[in-house]
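The values are calculated or read from the model by the stated rules, or taken from the named source; none is laboratory data. Because the structure is predicted, anything quoted here is derived from the model rather than measured. Counting neighbours? That spans all protein chains shown, and the Cβs are built from the backbone with ideal geometry, glycine included.
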Amino acid sequence: MRSVEEAPLLGLDGARPFSAPKPHWQGHRERLRTKLVERGAGALEDYELLETLLFAFIPRRDVKPISKALITRFGSLSGVLAARPADLTKVAGVGETVAAYLKATSEIGARASRETLQARTVISSWSALQTYVKQEMQHEGREQFRVLFLDRKNQLIADEVMGHGTVDHAPVYPREIARRALELQASSLILVHNHPSGDPTPSRADIDMTREIIDALDALDISVHDHLIAARSGVLSFRSQGLI
């Protein structure tokens with residue numbers, strides 16, 4: 001004989017009750033997962049792709065409004081992944097745990113891009129370089145100056161931050177860059193910095209500073225292949241603009 005705990009619950013009239021209908025978002029999740037598996041991630045809109053991440057982090061709630069609110073607040077999918085945890089948690093439905101998982105997802109993408117870049121000849125892999133630079137820097141809230149140090153085969157030795165600054169200026173010291181290039185035995189390098197304003201157009205100061213770095217490295221027989229400026233609207237190359 002079954003115990004009371006094992007017996008099925010009955011309605012007031014002794015009949016088995018109807019099972020409660022599934023929440024509407026459960027069916028949506030199943031349809032979106034099927035779309036992803038059968039048609040590939042490229043078939044999903046940005047907010048849908050973000051939804052699929054949130055499925056795992058928020059298991060019992062409709063996450064479409066949260067996904068759309070995140071993209072609206074931060075402007076794009078990449079903006080969401082680049083946002084600080086403290087800013088992510090200002091969106092309704094996003095707690096510290098979800099913010100941490102989103103940052104982990106962002107870091108996975110960044111490390112994968114870096115591995116791709118390290119495995120290739122950098123100057124002949126413009127698309128990989130552009131993807132890496134955009135992912136790392138386009139949403140930085142302050143100016144940041146980085147240097148990609150390359151070996152004789154133009155493969156990446158190191159990517160290092162050489163200066164942090166304000167929203168419109170990052171101090172750069174050519175002699176420090178030259179010293180570090182010698183320490184790493186680099187044969188060439190690529191300069192990279194960001195414009196938080198969103199416009200990658202170089203300023204007069206950007207152009208003059210680039211020339212100072214080139215002059216400092218010329219005596220050491222270390223070449224500057226390019227200077228890239230990353231912004232929300234894209235990545236600008238000094239070389240393609242005839243500035244180097």
Residue pairs within 6 Å by beta carbon, gap of at least six or interchain, first lying in region 212-230 and more than 13 Å from R175 (Cβ to Cβ), second among the polar types (S, T, N, Q) and outside any strand (DSSP E or B), listed first then second, are H227/T210; A230/Q138
For region 36-62, the count of residues that are in a helix (DSSP H, G or I) and closer than 26 Å to A82 by Cβ equals 16
The residue that is nearest to the chain's Cα centre (by Cα), considering only those in region 193-244 that are over 23 Å from E183 (Cα atoms) and of a type in the set (V, I, T), is V235
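Conditions (1) within 21 Å of D151 (Cα to Cα); (2) among the polar types (S, T, N, Q), marked per residue:
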{"site": "P174", "(1), (2)": "yes, no"}
{"site": "I177", "(1), (2)": "yes, no"}
{"site": "A181", "(1), (2)": "yes, no"}
{"site": "Q185", "(1), (2)": "yes, yes"}
{"site": "R211", "(1), (2)": "no, no"}
{"site": "I222", "(1), (2)": "yes, no"}
Reported set for region 48-87 where residues are touching an Asp or Glu at 6+ places or on another chain (Cβ under 6 Å) and surrounded by fewer than 16 Cβ atoms within 10 Å (Cβ to Cβ) is none
Reported set for region 226-244 where residues are in a loop (DSSP other than H, G, I, E, B) and either among the polar types (S, T, N, Q) or at positive phi (or both) is S233, S240, Q241, G242
Per the filter on region 127-147, residues more than 17 Å from A83 (Cα to Cα) and touching a residue at least 40 places away in the same chain (Cβ under 8 Å) are L129, Q130, F145, R146, V147
>> Among the residues of region 58-67, are any modelled with pLDDT of 80 or more, more than 14 Å from L102 (Cα to Cα) and among the small types (G, A, S)?
In response: no
Test R111 against the criterion of being over 22 Å from M209 (Cβ atoms) and modelled with pLDDT under 80, and give yes or no.
yes
Suppose the filter is closer than 19 Å to R152 by Cα and assigned to a helix (DSSP H, G or I); does I214 pass it?
yes
Those residues of region 88-108 that are farther than 17 Å from E136 by Cβ, within 19 Å of the chain's Cα centre (by Cα), surrounded by fewer than 18 Cβ atoms within 10 Å (Cβ to Cβ) and small (G, A, S) come to a total of 1
Residue set L102, L81, L129, L77; condition of a type outside the set (D, E, K, R) and at pLDDT 85 or above; output residue L102
- prompt: Do we have N154 as of a type in the set (S, T, N, Q), touching a helix residue (DSSP H, G or I) at 6+ places or on another chain (Cβ under 7 Å) and buried (at least 20 other Cβ atoms within 10 Å of the Cβ) here?
  reply: no
